[in-house]
1. Quick check: anything in the range 125-138 exposed (fewer than 14 other Cβ atoms within 10 Å of the Cβ), under 21 Å from Thr69 (Cβ atoms), touching a residue at least 24 places away in the same chain (Cβ under 8 Å) and not small (Gly, Ala, Ser)?
2. If the Cβ limit is 6 Å and pairs must be 6+ apart or interchain, which residue in the range 142-163 that is on the phi < 0 side of the Ramachandran plot pairs with which residue that is in a helix (DSSP H, G or I)?
3. Scan the range 138-193 residue by residue and report those that are closer than 30 Å to Tyr74 by Cα, part of a loop (DSSP other than H, G, I, E, B) and of a type in the set (Gly, Ala, Ser).
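Every read-out reported here was derived from the displayed coordinates using simple, explicitly stated rules and does not represent laboratory data. Everything numeric in this text was worked out from a predicted model, so none of it was measured. We place every Cβ from the backbone using ideal geometry, glycine too, and count neighbours over all the protein chains shown.
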Amino acid sequence: MTVHEDVKRERAQAGQKGTSTDDSPDARARSERAPDQEPRGALEGPAGAADELRESGSVGAASPTQLGTRRFVYAAYFGAAIAIAFLVSKVLDFAWVKLQSYKPAVGEARDDIIMPISALIGAGAAVYYWYRTRARELADEVATEMSKVTWPTRTEVTNGTVVVILTTVVSTVFFALMDKFWGFITNLVYGGT
C-alpha cells in the first residue's frame, strides 16, 4: 500500500468520525493540505506514478487551465506557422508568375501545388523552432511574463477611449476657434481681405 493510499484512507476515516485519530503535526499538515498539493515524493508504485502524471497534465486531454501559459506558446507557434505559410505562398505565387513571363510553357500559377508546399514549409519552420530549446524557452519566458501583466478591464478601456475621443473633439474645436480668432485679428491689423 502506498503512502498516497494511506493518506486517502486516513482522510476517509477522519471524515466518518469527524476528527482525526492521529494528532501528530504531520497528520495535521496532511489533513490541512489539499489533495492537489500532495508532495511528489509521497507517490510510489505504478498507481502513484500514474496519479503523478495525471496531476501534472501529462496524461489525458489537458484543459486550458492545466496548460497554463503553455497554451499561449502553442498558439504562438501555430500562428507563426500560418503566417510563414501565407508569406511563402505569396512568394511562390510571385515567383511562378515571373517564371511564366520568361517561360510561358510553365502555365499559370497553380494553387493546388503552391498551397501544400507553403503549408509544409510553415509547419516545418514551426517544428524546427519548437525543437530548438532556446527558442522555446524564450517563448515560454515571454508567455510567463505576459501572464503577470495586469490587463485593463472592459470598463477601464471604454472609459479611456471615451476620454481620448472627448479630448480630441474639444481640442479640435478649441484650435479651430483660435485659428478663426487669430485670423480675424490678423486681418484687422494688416487690413487683409
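1. No, there is no match, as no residue in the range 125-138 is exposed (fewer than 14 other Cβ atoms within 10 Å of the Cβ), under 21 Å from Thr69 (Cβ atoms), touching a residue at least 24 places away in the same chain (Cβ under 8 Å) and not small (Gly, Ala, Ser).
2. Short answer, once both residue conditions are applied: Ala143/Phe72; Ala143/Val73.
3. none
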